[in-house]
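Trainee: Encoded as structure tokens, here's the structure I'll be asking about.
The values are calculated or read from the model by the stated rules, or taken from the named source; none is laboratory data. This is a predicted model, so every value here is computed, not measured. All Cβ positions, even for glycine, are placed from backbone atoms using ideal geometry, and neighbour counts span all protein chains on display.
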Amino acid sequence: MKTVLVYSGGMDSTTLLYKLLAEGDTVLCLSFDYGQRHKKELLAARKICKKLKDAGEKVTHEIVDIKAIKGLMGGSSLTSKVAVPKGHYEDKNMKSTVVPNRNMVFLSLAIAAAVSRKFNRVAIAVHSGDHAIYPDCRPEFIKKMRAVSLVANYEKIDVYAPFLNISKAKIAKVGTKLGVPVEDTWTCYNGLKKPCEKCGACVEREEALKRC
């Protein structure tokens, strides 16, 4: 199987990357620079992929520059001058971290790459913990994107989201079994030297790792 992975460099997508490689896939990791304030995730993605490739794994990595569309995806605390909220993903104030249409854009570009490079499917690491706040991480969205992907081109590209209905804590457990270097991943929404440990992404990550 040849899979294009929407890859952020965070714990979830890195766990999915390790899962795909463990299952024998050839993986093209696509990371997107969309003008996000937490660009450290791109550095994390590059570092992890380089280590894997140097170890002989079937992985390649590309950072796709789509900053030109940042103005079309504004209003979010991840792309605009809006403070990143503190708290849990289930808190209403976390809605400010929603980036308009982000996963549809990412998946569309990943599908295009899969078609042009003759890959079989695209993969994305959305999970149940994302459902409360992010509409483009919910089962109905993934189901419809899969349906559209199968008819949008001559080639039928599947949308694979194996973590869709499990928690981040379960993802952390999978990652532990696969030997995912969690210390190399980046989750924090703030582009600081160290994780802030207060934003929703940091809080949920810490909770997941404690339950691991």
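Trainee: Checking residue 78 against (1) surrounded by fewer than 14 Cβ atoms within 10 Å (Cβ to Cβ); (2) in contact with a Phe, Trp or Tyr (Cβ under 7 Å, 6 or more places away or on another chain), only one condition comes out false. Which one?
Mentor: Unmet for residue 78, out of (1) surrounded by fewer than 14 Cβ atoms within 10 Å (Cβ to Cβ); (2) in contact with a Phe, Trp or Tyr (Cβ under 7 Å, 6 or more places away or on another chain): (1).
Trainee: Against the definition (over 19 Å from residue 203 (Cβ atoms), modelled with pLDDT of 95 or more, exposed (fewer than 15 other Cβ atoms within 10 Å of the Cβ) and among the hydrophobic types (A, V, I, L, M, F, W, C)), how does residue 151 come out, yes or no?
Mentor: Yes.
Trainee: Separate question: Can residue 88 be described as under 19 Å from residue 199 (Cα atoms), surrounded by fewer than 20 Cβ atoms within 10 Å (Cβ to Cβ), of a type outside the set (Lys, Arg) and touching a Lys or Arg at 6+ places or on another chain (Cβ under 7 Å)?
Mentor: no
Trainee: Which of the residues belonging to region 8-30 are among the β-branched types (Val, Ile, Thr) and in contact with a Pro (Cβ under 9 Å, 6 or more places away or on another chain)?
Mentor: 14, the sole residue that qualifies.
Trainee: Scan region 22-41 and tell me whether some residue there is among the aliphatic types (A, V, I, L, M), without any contact (Cβ under 8 Å) to a residue 60 or more places away in the chain and surrounded by fewer than 21 Cβ atoms within 10 Å (Cβ to Cβ).
Mentor: no
Trainee: Could you please tell me which pairs satisfy a Cβ distance under 8 Å, a separation of 6+ or placement on different chains, a first residue in region 145-172 that is free of Cβ contacts under 8 Å to residues at least 12 places away in the same chain and assigned to a helix (DSSP H, G or I), and a second residue that is surrounded by fewer than 22 Cβ atoms within 10 Å (Cβ to Cβ) and of a type in the set (D, E, K, R)?
Mentor: Listed by first residue and then by second, the contacts come to 150/156; 150/158.
Trainee: Here are some conditions: (1) surrounded by fewer than 18 Cβ atoms within 10 Å (Cβ to Cβ); (2) over 12 Å from residue 5 (Cα atoms); (3) touching a residue at least 24 places away in the same chain (Cβ under 8 Å). Residue 71 meets all but one. Which one does it not meet?
Mentor: Against the list (1) surrounded by fewer than 18 Cβ atoms within 10 Å (Cβ to Cβ); (2) over 12 Å from residue 5 (Cα atoms); (3) touching a residue at least 24 places away in the same chain (Cβ under 8 Å), residue 71 comes up short only on (3).
Trainee: Using beta carbons and a limit of 8 Å, which pairs, at least six apart or on different chains, have the first residue in region 185-212 and within 14 Å of residue 9 (Cα to Cα) and the second one acidic (Asp, Glu)?
Mentor: Cβ pairs passing all conditions: 186/41; 187/41; 188/197.
Trainee: If you go through region 9-66 one residue at a time, how many are within 14 Å of the chain's Cα centre (by Cα), part of a loop (DSSP other than H, G, I, E, B) and not charged (D, E, K, R)?
Mentor: Count: 5.
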